[in-house]
Amino acid sequence: MRESYVAAMAEFQAEGRGGPDDQTVIGAEIRRYGPTWHTREGFARYVRDLRAEAEADRPRPAGIVPATTLWWVEGAEYLGRLAIRHRLTPKLLDVGGHIGYDVRPSARRRGHATAMLRAALPIAAGLGIDRALITCDVDNLGSRKVIEACGGEFEDQRGVKLRFWVPTSPA
């Protein structure tokens, strides 16, 4: 997966991700791990670190919660990722939510985000999350449609973020 993953991250960088102002998970990962992803050792370290983020008892900085990261792939092609945060901090309750996702630019508009989110909901339920908070930018109509297609119910807008609650198990 390393070659496909590195190619996907290059696509994100080409659209402006990874700069100092990019406060997204992918932006932070590009800055931290991007210089070593091309090596087997660097990529293996990145994957180990991702897996360790799900460990509940792992020491972490204040405000950072355990998160399970899942990759969406087709064969050997990396298509996207999502992160399920195991609990919410006040900031995540306001603007971040339980689940965040990204689809690589060349794989967008093919239903991957909806499929990823649907597949993640039972995993979130298994983590004890009855209803997942998912947010999107006000101007991100595609993400809003994904959230609503997965049962998201609009709660409110906070700043530039729309907030939706999505049941994690069938009614």
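The values are calculated or read from the model by the stated rules, or taken from the named source; none is laboratory data. Treat the numbers as computed from the prediction; the structure is a model and nothing was measured. Please note: Cβ atoms are built from the backbone with ideal geometry, for glycine as well, and neighbour counts cover all protein chains shown. Heavy atoms of the whole protein, side chains included, go into the accessibility calculation; ligands, DNA and RNA do not. Shrake-Rupley method; radii C 1.70, N 1.55, O 1.52, S 1.80 Å.
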Yes/no for Ser106 being farther than 28 Å from Val166 by Cα, of a type in the set (Ser, Thr, Tyr) and at pLDDT 95 or above: no
Hey, Asp57 closer than 25 Å to Ile129 by Cα, within 16 Å of the chain's Cα centre (by Cα) and either part of a helix (DSSP H, G or I) or among the acidic types (Asp, Glu) (or both) or not: no
Matching residues in the stretch 88-132 - criterion: being in contact with an Asp or Glu (Cβ under 9 Å, 6 or more places away or on another chain) and of a type in the set (S, T, N, Q): Ser106
Hits in the stretch 129-151 - residues which are within 21 Å of Val65 (Cβ to Cβ) and open to solvent by less than 60 Å² (accessible area, probe 1.4 Å): Ile129, Ala132, Leu133, Ile134, Thr135, Cys136, Ile147
Tyr46 vs. criteria aromatic (Phe, Trp, Tyr) and either part of a helix (DSSP H, G or I) or over 19 Å from Ala120 (Cβ atoms) (or both): yes
Some residue of the stretch 75-84 being in a strand (DSSP E or B), at pLDDT 95 or above and surrounded by fewer than 17 Cβ atoms within 10 Å (Cβ to Cβ): yes
All positions within the stretch 130-171 that are part of a helix (DSSP H, G or I) and either touching a Phe, Trp or Tyr at 6+ places or on another chain (Cβ under 7 Å) or over 20 Å from His112 (Cα atoms) (or both): Ile147
